[in-house]
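Encoded as structure tokens, the structure appears first; notes follow it.
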Amino acid sequence: MAGNSNDVLSYDIPAESDFGYAQAIRSGELIHVSGQVAFDEVGEFPHSGDFAAQLERTRADMDRVLDRYGATRDQIVSRTVYMVGVRRNAAAASEGDLKYFGVHRPAATVLGVTEPAVPGQVVEIAFAVDLRLPA
């Protein structure tokens with residue numbers, strides 16, 4: 001399938017060119033979203049080491065991607081969460097997930113990591129969206 005500019009999402013932030021990726025790419029009715037990190041709108045990373053603030057900002061970035069494609073949280077089919085200090089941060093992450101997703105339950109994988117790509121980074125969330133699901 002030939003793509004168009006609406007199929008690929010890029011914010012033109014330094015990390016995209018430094019690591020060679022797009023924020024998301026649409027393939028038919030599926031959207032594959034790169035790991036969202038707590039970057040602000042200009043590509044700065046203001047919450048070094050702060051799990052709660054990074055999680056909140058990362059979820060806002062997830063919503064930003066969903067908005068771009070006209071999708072909702074209920075259309076997220078899976079997510080992979082990478083976090084530093086899984087045992088220390090698991091309760092906060094779970095509580096946040098229940099609030100973020102409400103009654104919706106996408107598939108999930110949580111992985112503990114020791115050295116994320118960005119200094120001070122403690123959480124990253126990649127996810128997939130199926131636009132065929134009810135919004």
| request: Mind checking the per residue accessible area of region 67-131 for me, 1.4 Å probe, whole number of Å²? | output: 55 Å²
| query | For the chain, what % of the accessible area comes from carbon and sulfur atoms, probe 1.4 Å? | reply | 53 percent
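Where in region 1-67 are there chymotrypsin sites (Phe, Trp or Tyr not before Pro) that are in a DSSP coil and have at most 13 other Cβ atoms within 10 angstrom of their Cβ? Mind dumping the intermediate values first?
Numbers: sites: Tyr11, Phe19, Tyr21, Phe39, Phe51; in loops: Tyr11, Tyr21, Phe39.
In loop regions of region 1-67 (DSSP not H, G, I, E or B), the sparsely surrounded chymotrypsin sites (Phe, Trp or Tyr not before Pro) are Tyr21.
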| message | So if I place +1 on the C-beta of Lys and Arg and -1 on the C-beta of Asp and Glu, and nothing else carries charge, what would the dipole magnitude of the chain be about its Cα centre? I want it in debye, nearest 20. | response | 540 debye
| Which percent, to the nearest 5, of DSSP beta bridges fully inside the chain are antiparallel? | 75 percent
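What shape does the chain have by the C-alpha gyration tensor, where a ≥ b ≥ c are the square roots of the eigenvalues, rounded means a/c under 1.5, and otherwise prolate means a/b greater than b/c and oblate the rest?
Working: a/c = 1.95, a/b = 1.20, b/c = 1.62.
The shape class here is oblate.
Based on DSSP, what percent of beta bridges with both residues in region 59-133 are antiparallel, to the nearest 5? If you can, show how the numbers build up before the last one.
Values: 7 of 13 bridges.
The antiparallel proportion sits near 55 percent.
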| query | For the peptides 61-67, 112-118, what is the packing order when you average, over each peptide's residues, the other Cβ atoms within 10 Å and list the highest mean first? | reply | 61-67, 112-118
| request: Using +1 at the Cβ of each Lys and Arg and -1 at the Cβ of each Asp and Glu in the chain, identify which of Gly43, Ala15, Ala60 lies farthest towards the dipole's positive end. | output: Ala60
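The values are calculated or read from the model by the stated rules, or taken from the named source; none is laboratory data. All of these numbers come straight from a predicted model, not from anything done at the bench. We place every Cβ from the backbone using ideal geometry, glycine too, and count neighbours over all the protein chains shown. Please note that ligands, DNA and RNA were not included when accessible areas were found on the heavy atoms of the full protein model with its side chains. Shrake-Rupley method; radii C 1.70, N 1.55, O 1.52, S 1.80 Å.
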